[in-house]
Structure formats: structure tokens, C-alpha cells
């Protein structure tokens, strides 16, 4: 299924010029989320916005990296520090970061933070799908599932499975408690305690017959 997903990603998003590494990572994410091949097309279409953002950020990072590289090469050929703009005061020492370098660094930091947030969002969505699948597999009651916070985070698949098993134990315990309560509230059947001879009826049955006559 992975190869089919990867093929559809390459075909649908070939205009974005994304690397093989990015497409493979996205294909692995989709593979974990879908259960049948019929779901692949919709799942591939659903990641269009994420891939477009990654493509945009990747392009910007390439541009910034190229600018830094060009500036470094220029600096290597000219040992003298660049002349600062007229409106910008000359740094008192050589330790102060130039404004252009600071601007580039801050821009790249912001973009890296955005990429990290996108990746965290994707991980959270994948973990939520894994947890839901495991809860359904264990037949955890919907009432228990409704109480599970939506912002849970897990370090790995083992943590997801452990949490799902814990919810299963609680679900079974509550179901047993309700079952016991229901049985305790039922009216116990009346037992005919008297022993009667053949052809006769018990006093309880006779009382019912007499009440009908009256």
C-alpha cells in the first residue's frame, strides 16, 4: 500500500517539486491512517495544504541559504568588514551580529518553528487515529471514549497501546458495576413454599383463585 500511496503523491503533487524524502515521509503517515486502498485517493487529497506549506517554506529556506552562502563567499574574498549603511551605526566591536545576518537568522528560525509545528500537528493527528483504532479494536465503550481529552500526547505506539488498555479496564469495570446494579434492582420471583398433595393446589394459588371469584 505504501508504494501506491507514494505513487499517487508523486503524480498529484509533481508540480510542487518536493523531494523524495518529504513525499516518503508523508506516504508513511498516510499509510498508518488508511485501512483500505479505496481510502488512499481521499487521504492524498487531504494533505494538499500541508504539502503546499512545506513546499513554500522549503523554497524560502533555499533562497535564504543561497543568500547566506553568497554573502559568506563575498566575505571570504574580502577580509575587510562590509561597510554598514549610512543610517546604521557602526558596531563598537566585531562581536556584534550584523543586521543582515540577524534578519536572516530570525527568518530561518521562524520558518523552522513553523515546520516543527506542522510536524507536531501531523504526529498528533496520526496518534489520535491510532488511539481511536485501538479503542475500537478493544471495544471500549463510547461513554468512556467521550471522556478522553482530545489534546493527549504520546511518545510512541507502546504508550498509545498502554493507554488504550487502561481505558479498556475502566470500561469493563464500569460495565460490570452497572450490570451488578441492574441485577440487584430486579424483583426476585416468588417461590411457592408450601408442599401440596397430588390433585390439590397450593395456598398461594388458591388465594389467587378466590380473589378472582370475589
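May I ask you to derive the relative contact order of the range 123-179, considering only C-alpha pairs under 8 Å and at least 6 residues apart, and to give it as an integer percent?
Dividing the mean separation by the residue count of the range 123-179 yields 48 percent.
How high is the relative contact order of the range 1-80? Use alpha-carbon pairs under 8 Å, at least six apart in sequence, and give a whole percent.
32
By per-residue mean of other Cβ atoms within 10 Å, what is the highest-first order of 111-123, 139-151?
111-123, 139-151
Apply the Debye scattering formula to the range 123-179, with a single equal point scatterer on each alpha-carbon and no solvent, then give log10 I(q)/I(0) at q = 0.21 Å⁻¹.
-0.74
What residues of the range 125-159 lie in the reach of a label at residue 177, counting those whose backbone N is under 19 Å from a point 7 Å from the Cα along Cα→Cβ?
Output list for this probe position: 140-149.
Take the Cα coordinates of the range 1-80, assign each an equal point scatterer, and use the Debye formula without solvent to give log10 I(q)/I(0) at q = 0.15, 0.26 Å⁻¹.
Scattering profile of the range 1-80, log10 relative to I(0): -0.58, -1.18.
By average Cβ neighbour count within 10 Å, what is the ranking of 7-17, 126-136 from highest down?
Going from most to least packed, we get 126-136, 7-17.
Any read-out appearing in this document is the output of simple, stated calculations on the displayed coordinates, not a laboratory observation. Fair warning: this is a prediction, and the values are worked out from it, not measured in the lab. We place every Cβ from the backbone using ideal geometry, glycine too, and count neighbours over all the protein chains shown.
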